[in-house]
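Only one structure is covered here, and it is reproduced in the block below.
Every number in this text was worked out from the coordinates using simple rules, so none of it is lab data. What you see is a predicted model, and the numbers here were worked out from it, not measured in a lab. Note: ideal-geometry Cβ built from the backbone for every residue, glycine included; neighbour counts use all protein chains shown.
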Amino acid sequence: MGSVEEFLNPEEEQEIVQAILKAEKNTSGEIRVHIETHTRLDHFERAKEVFHILKMDNTKQENGVILYIAVKDKKFVIYGDRGIDKVVAADFWDSTKDIIESHFREGRYKQGIVEAVLRAGQELEAHFPWLPGNQNELSDEISKS
């Protein structure tokens, strides 16, 4: 598995989009999934760069979360903006990473992504509940490069 096109089929992508919609339903937080083939950068630095490119650092409450995946590199990063990072439990990101890893090791990529998205949504809802007037500030589609 080395390309973005081989990583998920269209049905799996739609299931992930539906998970994003469900996860964001009761929160002002924003969740994005970005998939690319490879990067020469450090994966954490690339995730932060994509976070900025996708304008996820422009949310009012700094509560965006991105799941960045480099398919050929077999690497992923889950990264949250300052607002969400300040309020989640110290082990939240690592425990979410462990969930994704366990699914990815078994080739269950869609399931790992869906569980991470829903888990992030629960945390966002707990700390950033949806309020009247909140808007979905960012696309829910999977971004690719």
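Of note:
- Near GLN14, once Lys and Arg are set to +1 and Asp and Glu to -1 for all other residues with Cβ below 14 Å from its Cβ, the sum equals -4.
- Bins of 5 Å from zero: percent of alpha-carbon pairs in the range 68-108: 5, 20, 28, 21, 14, 10, 2
- Alpha-carbon centroid distance for the pair the range 57-108 / the range 21-52, whole angstrom: 8 Å
- Charged neighbours of GLY121, selected by a Cβ distance under 14 Å, balance to -2 (K, R count +1; D, E count -1).
- Here the Karplus relation 6.51 cos²θ - 1.76 cosθ + 1.60, evaluated at θ = phi - 60°, turns the backbone of the range 82-92 into coupling constants of 4, x, 6, 4, 5, 10, 7, 4, 4, 9, 4 Hz, with x for every Gly and Pro.
- Phi to ³J(HN,Hα) by Karplus 6.51 cos²θ - 1.76 cosθ + 1.60 over the range 30-46, Hz, x for Gly, Pro: 10, 10, 10, 10, 10, 10, 9, 6, 7, 9, 8, 7, 4, 5, 5, 5, 5
- Put simply, the convex hull of the Cα atoms in the chain casts, on average, a shadow of 7.7 nm².
- Helix-only mean residue ellipticity at 222 nm for the chain, each DSSP H run of n ≥ 4 adding -39500 (n - 2.57), per residue, nearest 500: -14500 deg cm²/dmol
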